[in-house]
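A quick write-up on the structure given underneath.
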Amino acid sequence: MSVVRSSPPPCSSAVLCDVECEPSASQAAENLRFSKLCGISAARLHGSRKRLVLCGGRARWNSLKPIKAKDDDDVGSDYSRKCSVMSNENVKQIKEMEDSDSSWNENRASFSGKNPCQVSNVGNSTNILWHDCPIQKRDRQQLLQQRGCVVWLTGLSGSGKSTLACALSRSLHARGKLTYILDGDNVRHGLNRDLSFRAEDRSENIRRIGEVAKLFADAGLICITSLISPYQKDRDACRALVPEGDFIEVFIDVPLHVCEARDPKGLYKLARAGKIKGFTGIDDPYEPPSSCEIVLQQQQGNGFKSPCEMAEIVISYLEEKGYLRA
């Protein structure tokens, strides 16, 4: 005879489990496992009516009011006999069930912190554990019918990165492909609003965007980043975050004088007047990519390609490399 208020999953923050006399085999197995997880003697689960409460990883017992039994000695004797049978005959069966349940043992080890080989320290984060999910990148790609990657648009301010990013996203969307744009200015409105334009902060800005782009690509999306990213080492560090081939660096090669003539934000004018310090191309260097996947040259003498034309060049590359199919 048993009364079980709820099953005791190990991940619950609070668990109530009432046990009276002999549980069924499966219920008894769960109770025994749970008691061992909490460091409680299994004997305390038999022949008693108590509530086992787990809060915040700690277990305690609450007594319940005794059940009123019939005034029948035979019934009482039978009641005791069942408890005795539980403690002698079924414990072995429960033990065998526990030993054969490898998934329970693994979860118990992880829950109780006794799996130190998987715990690691990364940067300032200590004692962290990577948790794998059965749904992997290939499954998401199959669902989306595309391959996740990072299309990294780099170039001087005013070279047309944001305009190209929107044209590329629009063209891919029309083909039924899922994209997301990480624009340098947009990200600084939220995630990176605590960063300045000093060299060290610019590097941190790129690192954070690279990590977010990695997550989007792992989700199966075509992530398009649009930011100056002037330093080669920072771009290389972002490339190293994703699998080989999944980082597609696109250099929009527009001369400084053309960008300065455009000056869509009026920033070159302010930089020339000394009101903005450390502006890329004026008093801070831009390091062109040494070996990128795509170069889009915009020379005034050769005529300028439209954003849609440049987007089609990038899309042709994605099609050739198989990113537009699963």
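The values are calculated or read from the model by the stated rules, or taken from the named source; none is laboratory data. Since the structure is predicted, the reported quantities are computational estimates derived from the model, not experimental observations. Every residue, glycine among them, receives a Cβ derived from its backbone with ideal geometry; neighbour counts consider all protein chains shown. Just the protein is used for accessible areas: all its heavy atoms, side chains included, with ligands, DNA and RNA removed. Shrake-Rupley method; radii C 1.70, N 1.55, O 1.52, S 1.80 Å.
In order along region 219-233, the Karplus-derived 3J(HN,Hα) couplings, from 6.51 cos²θ - 1.76 cosθ + 1.60 at θ = phi - 60°, round to 6, x, 8, 8, 8, 10, 9, 9, 7, 4, 6, x, 9, 4, 5 Hz, and Gly and Pro are given as x. Each 5 Å bin from 0 upward holds the following percent of the Cα-Cα pairs of region 258-326: 3, 13, 15, 16, 17, 15, 11, 6, 3, 1, 0. The portion of the accessible surface of region 153-248 made up by carbon and sulfur, rounded to a whole percent, is 56 (1.4 Å probe; DNA, RNA and ligands excluded). Show me, for region 256-267, the HN-Hα J-couplings you get by feeding each phi into the Karplus relation (A = 6.51, B = -1.76, C = 1.60, θ = phi - 60°), rounded to Hz, glycine and proline as x. For region 256-267, the Karplus curve yields 4, 5, 6, 4, 5, 5, 5, 6, x, 9, x, 7 Hz.
With a Förster radius of 41 Å applied to the C-beta separation of Glu312 and Ser120, the computed FRET efficiency comes to 0.40. A 1.4 Å probe, protein heavy atoms only, puts the accessible area of Lys161 near 20 Å².
Computed across region 209-271, the Kirkwood hydrodynamic radius from all distinct Cα-Cα pairs reaches 13.7 Å. Along the Cα-to-Cβ line of Gln145, 7 Å from the Cα, sits a label point; which residues in region 201-226 have backbone N less than 18 Å from it? Residues passing the 18 Å test: 220-222.
Sorting the segments 186-198, 234-246, 203-215 by their residues' average number of neighbouring beta-carbon atoms within 10 angstrom, most packed first, yields 203-215, 234-246, 186-198. Judged by the gyration tensor of its Cα atoms, with axes a ≥ b ≥ c, region 132-243 is oblate; a/c meets the 1.5 cut and b/c is at least as large as a/b.
Measuring how big region 182-326 is from its alpha-carbon positions, Rg and Dmax come out at 16.2, 51 Å. Per residue, region 140-223 exposes an accessible area of 46 Å² to a 1.4 Å probe, with every protein chain left in place. For Ile181, the residues whose amide H sits under 5 Å from its own are Ile224, ignoring neighbours fewer than 5 places away on the same chain, with H placed 1.01 Å from N.
Backbone phi angles across region 272-288, fed through the Karplus curve with coefficients 6.51, -1.76 and 1.60 (θ = phi - 60°), yield HN-Hα couplings of 5, 7, x, 8, 10, 9, x, 7, 4, x, 9, 10, 9, x, 10, 9, x Hz in residue order; Gly and Pro are listed as x.
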